[in-house]
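Colleague: Questions regarding the structure given below will be posed in turn.
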Amino acid sequence: MPSQQPINGACNLGEAVVCEAYGPGAGLPLFVSPLTTSLQKDSEAAAQWVRAHEAALDDILHDVGAVVLRGFAFPDTRGFARAIDHYPEMAFGYAAGAAPRANIQGRVFEATRSPPEVSIPLHQEMAYLPIFPTRLAFFCNHPPDTGGETLIGDVRRFEASAPGRFRDEVEARGVRYVRSFRAPDWPIEDPRLEGLYKTWAEAFSTDDPREVEAACAAMALGCAWNADGGVSVSYDAPGFMRHPVTGRRLWFNQIATQTMTESTYGAEIMGAFQRLCGADHPLPYVTTFADGGPIPNEAVAAIRQTLAGLEVAFPWRKGDLMLLDNFLTFHGRSPFTGRRDVQVALLN
């Protein structure tokens with residue numbers, strides 16, 4: 001639970017709200033709750049408050065990494081969209097994105113359609129692409145019965161505890177992502193595999209191969225059509241990125257989620273993918289160092305173990321709106337039961 005220690009002096013958000021830090025030692029997120037009836041009941045007033053305090057909220061994000069607005073009048077998707085409509089939209093939206101998610105309204109997407117029993121480890125959104133959001137906004141429209149937390153973790157704490165030799169190697173050598181999207185006419189019946197191996201029509205929102213090629217060219221992605229009718233896109237990325245405001249160099253990659261090993265996906269899923277793909281289809285993800293050298297499995301396993309130790313999980317409440325700095329804060333998802341409707345917007 002959030003602590004009851006108000007820290008408004010550090011918030012600089014005015015007298016209409018109270019700020020509370022999440023449990024001792026967590027560091028993030030910071031909870032901000034309204035004290036006035038208008039912010040609690042009037043969705044337009046709540047949206048105007050977010051717009052008016054954008055700079056102060058950004059200052060907190062650049063320090064803490066995550067802010068949860070709880071108790072404000074964000075009743076539904078429309079209210080969420082109104083509250084974040086002043087933020088710059090990310091170019092290309094979710095084109096070539098990895099997660100199974102559908103567009104809901106405008107820039108608002110499903111957070112993920114991954115099966116409820118699947119745990120999604122901590123990662124930074126779209127770090128496998130040259131164009132990615134600098135900020136994320138999550139909204140809880142309906143919390144699940146159990147679990148389903150949007151896990152978060154501090155990138156700076158990860159850097160302090162990650163294996164130093166491998167961390168330095170990632171910074172020096174960079175990361176190469178080769179991601180394959182299957183042909184639209186190749187059905188996959190296993191939902192565990194289907195969400196990880198999207199069709200190119202789903203990934204690029206088109207059934208025209210020329211539009212796929214144009215999108216890849218615009219995003220500076222390598223693009224190669226495969227004999228099975230699918231397409232592979234490639235990108236040589238830096239393993240670290242400089243924060244656009246603070247200037248600090250930070251770990252920024254998806255080695256832990258897009259390196260396909262038994263430590264990342266489990267023996268059962270990896271075996272199912274190997275049987276599915278065989279010699280005729282590429283695996284959905286092949287991740288190496290940017291010079292083509294393999295990333296050691298034991299290093300990936302160590303990273304995932306470190307990330308698991310950083311997870312912060314707070315239960316969603318209906319109407320919660322969480323802002324994340326994508327450079328400073330990882331996110332993931334816990335397994336859940338019941339209906340879960342958590343939405344996301346990709347922001348700059």
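The values are calculated or read from the model by the stated rules, or taken from the named source; none is laboratory data. The structure displayed is predicted, hence computed values, not measured ones. Methodologically, a virtual Cβ is constructed for each residue, glycine included, from the backbone with ideal geometry; neighbour enumeration extends over all protein chains shown.
Colleague: Only one of these conditions is not met by residue 275: (1) basic (Lys, Arg); (2) farther than 30 Å from residue 72 by Cα; (3) within 21 Å of the chain's Cα centre (by Cα). Which number is it?
Modeller: (3)
Colleague: Within segment 203-216, identify whether any single residue is under 14 Å from residue 284 (Cα atoms), touching a residue at least 24 places away in the same chain (Cβ under 8 Å) and in a helix (DSSP H, G or I), and answer yes or no.
Modeller: So in segment 203-216, the residues under 14 Å from residue 284 (Cα atoms) come out as 203.
With touching a residue at least 24 places away in the same chain (Cβ under 8 Å) added as a condition, the list becomes 203.
From what's left, in a helix (DSSP H, G or I): 203.
Yes, there is a match, as at least one residue in segment 203-216 is under 14 Å from residue 284 (Cα atoms), touching a residue at least 24 places away in the same chain (Cβ under 8 Å) and in a helix (DSSP H, G or I).
Colleague: Considering (1) among the hydroxyl-bearing types (Ser, Thr, Tyr); (2) within 30 Å of residue 59 (Cβ to Cβ); (3) crowded, with 17+ Cβ neighbours inside 10 Å, say which one residue 246 fails and leave the rest.
Modeller: (3)
Colleague: Identify the single condition in (1) outside any loop (DSSP other than H, G, I, E, B); (2) of a type in the set (A, V, I, L, M, F, W, C); (3) assigned by TED's automatic domain parsing to the domain that holds residue 23 that residue 316 does not satisfy, given that it satisfies every other one.
Modeller: (1)
Colleague: Within segment 27-46, can you find the residues that are among the hydrophobic types (A, V, I, L, M, F, W, C) and under 14 Å from residue 68 (Cα atoms)? Give the derivation first.
Modeller: Taking segment 27-46 and keeping what is among the hydrophobic types (A, V, I, L, M, F, W, C), we get 28, 30-32, 35, 39, 45-46.
Hits for segment 27-46 are 28, 30, 31, 32, 46.
Colleague: Pull up segment 319-348, narrow it to residues that are in a loop (DSSP other than H, G, I, E, B) and among the polar types (S, T, N, Q), then point me to the one that is nearest to residue 62 (Cα to Cα).
Modeller: Just the residues of segment 319-348 that are in a loop (DSSP other than H, G, I, E, B), to begin with: 319-320, 326-328, 334-335, 338-340, 348.
Those still in the list that are among the polar types (S, T, N, Q) too: 326, 334, 348.
Details: 326: 10, 334: 25, 348: 13 Å.
The qualifying residue nearest to residue 62 (Cα to Cα) is 326.
Colleague: Can you list residue pairs whose Cβ atoms sit under 7 Å apart, with the first residue in segment 167-187 being on the phi > 0 side of the Ramachandran plot and the second being in a strand (DSSP E or B)? Count only pairs 6 or more apart in sequence or on different chains.
Modeller: Once the first residue is on the phi > 0 side of the Ramachandran plot and sits in segment 167-187, its partners that are in a strand (DSSP E or B) give 174/236; 174/237; 174/289.
Colleague: The conditions are (1) crowded, with 18+ Cβ neighbours inside 10 Å; (2) outside any strand (DSSP E or B); (3) among the aromatic types (Phe, Trp, Tyr), and residue 235 fails exactly one of them. Which is it?
Modeller: (2)
Colleague: Continuing with the same structure: Being assigned to a loop (DSSP other than H, G, I, E, B), in contact with a strand residue (DSSP E or B) (Cβ under 8 Å, 6 or more places away or on another chain) and not assigned by TED's automatic domain parsing to the domain that holds residue 332 is true for just one of 241, 260. Which residue is that?
Modeller: Values: 241 fails: assigned to a loop (DSSP other than H, G, I, E, B).
After applying the criteria, what remains is 260.
Colleague: I'd like to know if segment 325-340 contains one or more residues that are modelled with pLDDT of 95 or more, at negative phi, of a type in the set (Lys, Arg) and surrounded by fewer than 19 Cβ atoms within 10 Å (Cβ to Cβ).
Modeller: So the first thing to find is which residues in segment 325-340 are modelled with pLDDT of 95 or more, and the list is 325-340.
Next, only the ones that are at negative phi stay: 325-337, 339-340.
So of that shortlist, the ones also of a type in the set (Lys, Arg) come out as 333, 339-340.
Now restrict to residues that are surrounded by fewer than 19 Cβ atoms within 10 Å (Cβ to Cβ): 339.
Yes: segment 325-340 contains one or more residues that are modelled with pLDDT of 95 or more, at negative phi, of a type in the set (Lys, Arg) and surrounded by fewer than 19 Cβ atoms within 10 Å (Cβ to Cβ).
Colleague: Output yes when any residue across segment 298-307 is surrounded by 16 or more Cβ atoms within 10 Å (Cβ to Cβ), touching a Ser or Thr at 6+ places or on another chain (Cβ under 8 Å), in a loop (DSSP other than H, G, I, E, B) and of a type in the set (A, V, I, L, M, F, W, C), and no when none is.
Modeller: Among the residues of segment 298-307, not one is surrounded by 16 or more Cβ atoms within 10 Å (Cβ to Cβ), touching a Ser or Thr at 6+ places or on another chain (Cβ under 8 Å), in a loop (DSSP other than H, G, I, E, B) and of a type in the set (A, V, I, L, M, F, W, C), which makes the answer no.
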